[in-house]
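Undergrad: Quick one: structure below, then a few questions.
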Amino acid sequence: MKFLQKAWYKALAALLVLYTLVYGLLIELPADVGILDETIRNLFYHVPMWFGMMLILLAAWVNSIMYLSKPNPKRDAYATELTNVGLLMGFCGLFTGMFWAYNTWGTAWTNDPKLNGVAAGMAIYGGYWMIQKSVNDDAKRARLGAVYNVFVFPIFLALIVVMPKLAQSSIHPGSGDTVNFKTYNSSQNMEMVFYPAVVGWTLLFVWIAELRTRYRLIKLHKDNEKAHF
Amino acid sequence: MKKHIFSLMALLVWGMQAFAQTANSGSMLRASGKIYVVVGIIAIIFILIVLYLFRLDKKLSRLEKQA
């Protein structure tokens, strides 16, 4: 019981991702997915990476704001590690997307607004890493990182969500002149796996971020102890 | 813990068979029926990764108590 109180979301993450892995490969597909064919199953693996990335980066953003309103090393640790893990998820999405694109569109990188937006967005987040690695003073690093993050996340969203939606044309679903996945799903099967997949993958990466944060806080504690001697 | 995992896996296998009876699409991936082997292997790998993560979690908790 105590285990469930402390780790319920971890157990839920494991169960949902397991469900996704098994049923994502087994469910029957709608007949009208065109050239995607069986690869439409990537909806359960590639797409949740992006959804999860946005949710985790949002959580990091909130933590950065909380740090700025009341400086606390814990908030800084959460913001930093959530950002790191969010970007890890983004890279998972990027590489799976390139592989999927290569096998569907014939090239790993198309000039789709969504892809170019993400490339620019990730480059901007590179600045966040630069601050993390190059400032030695802990308080200054935390404050700079938090301020940077507060500005970067809305820009990132604009680049990967708003701009592709406004674009003239796109080959990604739900942006430019294309329709959403929803409109051509003749079967509800896929939604029954897709939503649990988003929640499961996100929670799994949140778990990893939590582990990294706790490691960071322990290290901080040890370093402070050393400094007092 | 171990007992839970075994019952979970039994449940999964049972679920897969239930699906196997209803799904009759002639798609290439499932035509031979052996896709379940692959799914099973993916599930095993994932379960092991999760167990590993839980152990890592416990180790961190122990360190936190010391600190």
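The values are calculated or read from the model by the stated rules, or taken from the named source; none is laboratory data. Keep in mind that what you see is a predicted model, and the values were worked out from it rather than measured. When we count neighbours, we look across all protein chains shown, and the Cβ atoms used for this are built from the backbone with ideal geometry, even at glycine.
Undergrad: List the number of the failed condition for A:Pro113; all other conditions in (1) over 26 Å from A:Leu204 (Cβ atoms); (2) surrounded by fewer than 19 Cβ atoms within 10 Å (Cβ to Cβ) hold.
TA: (2)
Undergrad: Considering only region A:67-86, state which residues are aliphatic (A, V, I, L, M) and under 26 Å from A:Met49 (Cβ atoms).
TA: Answer for region A:67-86, where residues must be aliphatic (A, V, I, L, M) and under 26 Å from A:Met49 (Cβ atoms): A:Ala77, A:Ala79, A:Leu82, A:Val85.
Undergrad: Looking at B:Ala20, B:Ala31, can you tell me which residue is more than 7 Å from chain A (Cβ to nearest Cβ) and modelled with pLDDT under 60?
TA: Answer to the selection: B:Ala20.
Undergrad: I would also like to ask the following. Within region A:116-134, take every residue that is more than 22 Å from A:Gly176 (Cβ to Cβ), surrounded by 15 or more Cβ atoms within 10 Å (Cβ to Cβ) and not hydrophobic (A, V, I, L, M, F, W, C) and give me the one that is farthest from the chain's Cα centre (by Cα).
TA: Filtering first and then ranking leaves A:Gln132.
Undergrad: To continue, here is another question. Can you name the number of the only condition in (1) more than 10 Å from chain B (Cβ to nearest Cβ); (2) out of contact with any Pro (no Cβ under 7 Å at 6 or more places or on another chain); (3) modelled with pLDDT of 95 or more that A:Trp201 fails?
TA: (2)
Undergrad: Restricting to region B:32-46, and then to whatever is over 19 Å from A:Leu15 (Cβ atoms) and loosely packed, with under 11 Cβ neighbours inside 10 Å, can you tell me which residue is farthest from the chain's Cα centre (by Cα)? Spell out the reasoning first.
TA: Of the residues in region B:32-46, the ones over 19 Å from A:Leu15 (Cβ atoms) are B:32-38.
Next, from what is left, pick out any that are loosely packed, with under 11 Cβ neighbours inside 10 Å: B:32-34, B:37.
On the way: B:Ser32: 22, B:Gly33: 19, B:Lys34: 17, B:Val37: 12 Å.
Out of the qualifying residues, it is B:Ser32.
Undergrad: Now, a different point. Counting residues that are more than 14 Å from every other protein chain (Cβ to nearest Cβ), which helices (runs of 4 or more DSSP H) fully inside region A:1-109 reach at least 3? Steps first, answer last, please.
TA: Values: elements: A:2-26, A:46-69, A:73-104.
Correct list: A:46-69, A:73-104.
Undergrad: Give the residues of region A:38-62 that are closer than 18 Å to A:Thr213 by Cα, under 13 Å from the mean Cα position of the chain (by Cα) and not small (Gly, Ala, Ser), sorted by residue number.
TA: Residues satisfying the conditions are A:Met53, A:Leu55, A:Ile56, A:Leu57, A:Leu58, A:Trp61.
Undergrad: Counting only residues that are surrounded by fewer than 17 Cβ atoms within 10 Å (Cβ to Cβ), more than 18 Å from B:Val38 (Cβ to Cβ) and among the charged types (D, E, K, R), how many does region A:10-53 have?
TA: 1
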